[in-house]
Amino acid sequence: MLTRRQWLMSAIAAVAGGGSMLKPSKADVRHEHDERPAKARKHRSTRQVVTPNGATLPYKMKNGVKEFHLIAEPVLREFAPGMNVKCWGYNGQTPGPTIEAVEGDRVRILVTNRLPEHTTIHWHGIFLPNGMDGVGGLNQPHIKPGETYVYEFTLRQHGTFMYHPHADEMLQLAVGMMGIFVIHPRVSENPPVDRDFAIMLHAWAVHPGTYRPDPAVMLDFNMFTFNSKVFPAIDPLVVRTGDRVRIRLANLSMDEHPIHIHGHSMWVTATDGGTIPRSAQWPETTALIPVGATRDVEFIADAPGDWAFHCHKSHHTMNAMGHAIPNTLGASQQQLEEKIRELIPGYMAMGETGMAEHAEHITHMSGPNNTLPMMMGKGPFGNIEMGGMFTVIKIRDQLASYDRDPGWYRHPQGTVAYRLA
Ligand SMILES: [Cu+2]
């Protein structure tokens with residue numbers, strides 16, 4: 001029997017002389033099996049995960065055990081220039097650093113509590129002994145301020161998981177205590193990826209003029225983050241044309257997030273319940289990331305350019321200063337503006353024809369302290385008018401380094417929408 005690759009090659013050869021070149025479709029390329037022997041694939045399965053605006057937690061090898069140390073502590077996080085938030089997190093970061101290990105590893109994770117109240121860590125989705133599951137009061141005593149607890153277990157699965165407190169959860173999650181836990185397979189069953197990103201989704205209520213997230217808010221969040229940053233402060237995802245890219249998306253907020261890719265479609269390849277069998281993987285342009293879940297998506301970056309990658313809830317791609325404002329659309333505010341100016345000199349009415357003008361006004365108007373206007377970011381053609389859960393996938397044929405922002409895409413002549421009249 002022919003393998004898929006042999007069949008494709010023979011099909012290409014059959015038509016190569018006949019004028020039209022048969023190229024395997026995107027779907028074929030994406031689902032092509034990696035036919036190299038398991039040994040050759042092995043080293044690729046542990047390619048380091050990139051946590052945009054974040055880091056990977058280092059470990060020490062101790063008698064065959066990978067030992068990690070998480071320190072739960074208050075953290076000051078700049079969501080974007082102009083806004084600092086007093087969060088709680090791990091090792092100086094929110095989300096906490098990404099933990100990476102390999103299926104079969106024995107891991108020991110020391111957790112030191114430098115918070116003003118007790119905590120624990122639950123290892124979301126991971127198979128482990130009951131006493132290591134981290135539910136305070138149920139599986140273990142709470143970790144009091146100043147104490148260090150040890151979690152130790154053997155990893156018996158692979159995939160994208162999470163860690164977070166299971167103690168005073170409403171507050172501790174609201175202020176940013178969470179992280180991603182990646183377990184690489186010993187032998188990858190999917191084709192290896194060239195780029196592997198991890199993004200934690202979160203929603204916050206930081207009232208304008210304040211510095212601490214409000215844990216009592218259940219619905220009216222005003223800041224929406226990838227790895228506790230908002231656009232335009234979120235790192236772009238830099239990839240090379242042709243790269244197979246995996247993005248691990250994790251959600252510990254109180255709302256689901258439909259994450260949308262432009263110019264490509266992506267395969268949902270895994271959940272925190274396990275790898276989705278290849279025959280059951282499905283293509284999406286928008287992958288819904290439910291609350292308390294992870295999704296791995298993969299795509300072939302076959303189209304060079306600057307492609308938007310964002311939550312599709314339009315209030316999740318904006319920042320604080322835009323929620324809960326009165327609806328002035330279509331309402332003339334001329335007289336209103338004059339009247340208010342008698343009381344507040346310099347008052348400017350906005351929103352009669354739409355809200356895009358807000359993006360212009362932020363350059364010369366100052367809002368309350370420590371918050372961010374609803375739309376931000378400048379692109380090569382003007383204001384991008386986004387905020388929150390939005391970043392750019394930068395795909396380039398030539399790339400000096402994955403770690404350097406290559407700047408804005410230079411479009412080949414004749415490939416940009418143009419003004420007719
Ligand atoms: Cu969202």
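Quick notes on this one:
- Förster radius 41 Å - calculated FRET efficiency between residue 416 and residue 86 (Cβ-Cβ, nearest 0.05): 0.40
- Net charge contributed by nearby residues that have their C-beta within less than 11 Å of residue 256 (K/R +1, D/E -1): +1
- The peptide list 333-345, 234-246, put in order of mean Cβ contacts within 10 Å with the highest first, becomes 234-246, 333-345.
- The range 46-189: C-alpha gyration tensor shape, a/c 1.5 cut-off, then a/b vs b/c: oblate
- Cut-off 14 Å between beta-carbons: net charge of the residues surrounding residue 174, Lys and Arg +1, Asp and Glu -1: -3
- Antiparallel bridges, percent of DSSP beta bridges restricted to the range 46-189 (to nearest 5): 65 percent
- Net charge contributed by nearby residues that have their C-beta within less than 11 Å of residue 58 (K/R +1, D/E -1): 0
- Relative packing of 139-145, 313-319, which averages over residues the other C-beta atoms within 10 Å, highest first: 313-319, 139-145
- Ranked by the mean number of other Cβ atoms within 10 Å of their residues, highest first, the peptides 90-101, 271-282, 389-400 fall in the order 90-101, 389-400, 271-282.
Quick note: the coordinates plus some simple rules give every number you see, no bench work behind them. Here the structure is a predicted model, which is why all the values come from computation and not from measurement. No Cβ is skipped: glycine too gets one built from the backbone with ideal geometry, and neighbour counts run over all protein chains shown.
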